[in-house]
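Read-outs throughout are calculated quantities, based only on the coordinates presented, and are distinct from any laboratory measurement. Predicted model only: the values in this text are computed from it and were never measured. In this analysis, Cβ positions are derived from the backbone assuming ideal geometry, glycine residues included, and neighbour counts consider all displayed protein chains.
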Amino acid sequence: MKKKLSERQERMLSFISEFMGEHQYPPTVRDIQGGCDISSTSVVDYNLRILQREGYLRREADVSRGIELLGSGGKPSRFGMVSVPVVGSIAAGDPLPTPASGSWHTEAVDNIELPTFLTKGKEDVFAVRVKGESMIDALVADGDLVLLEPVDQPEQGDMVAAWLQDSEAVTLKHFSISNGMVTLHPANATMEPITVPASNVAVQGRVVGVIRTM
């Protein structure tokens, strides 16, 4: 059983993880000193040795950025990275017909590893490939991947994946609701919004990030 960490050691681990997620390489001792507001590099070194002894990281002391975080079983951990399932396509234009079950995002067709900052710390994030250009003015282009978190009660103005029950189709639009009617707004001045009864719409995800493909 691993020894309980001190508050400083917990803060150091968190800083290392966040640093690696943002930069894709480990911090130096001086990075940790500054990031964790520690008085000296010797204090950082002392605590790194404890973290290594307890199995939280592996370190090559003579290498400037020689820190590797470890997961369960002492195996290297892709700290700062998350595996996101890619589950198909979504229309940014006319709604895209999908299977009648409505469960269009239940099975992954691929997986991608992304830095955690791209998912903004959200859980259960999934990705879909965009088809069409109705969200082009929101910087979402045909072929891009959008990252979504599962939600069923979005806020006004959220960009969402909306399932239209009567047409068994899903579309990517900005969401608004008023007096029992949902309007799905494109971000393209040449296209018209879609307005339907709220009972006909099931929001399946809210966009938390976009990955450009060009």
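Near Lys173, which aspartates and glutamates are there with a Cα under 14 Å away, not counting those fewer than 8 places off in the same chain? Once the sequence-local aspartates and glutamates are set aside, what remains near Lys173 is Asp94, Glu133, Asp137, Asp142, Glu155, Asp158, Glu192.
How would the range 7-74 be classified by its alpha-carbon gyration tensor: rounded, prolate or oblate, with rounded meaning a/c under 1.5 and the a/b versus b/c comparison settling the rest? Taking the square roots of the gyration eigenvalues as a ≥ b ≥ c, the range 7-74 is rounded. For the peptides 185-197, 44-56, residues were scored by their other Cβ atoms within 10 Å and the scores averaged per peptide; the highest-first order is 44-56, 185-197.
In straight Cα distance, which aspartates and glutamates are under 13 Å from Lys4, not counting same-chain residues fewer than 8 positions off? Candidates past the 8-residue exclusion: Glu54. Checking the cross-link filter: which aspartates and glutamates have an alpha carbon closer than 12 Å to that of Lys120, excluding same-chain neighbours under 8 positions apart? Cross-link targets: Glu18, Glu22, Glu149.
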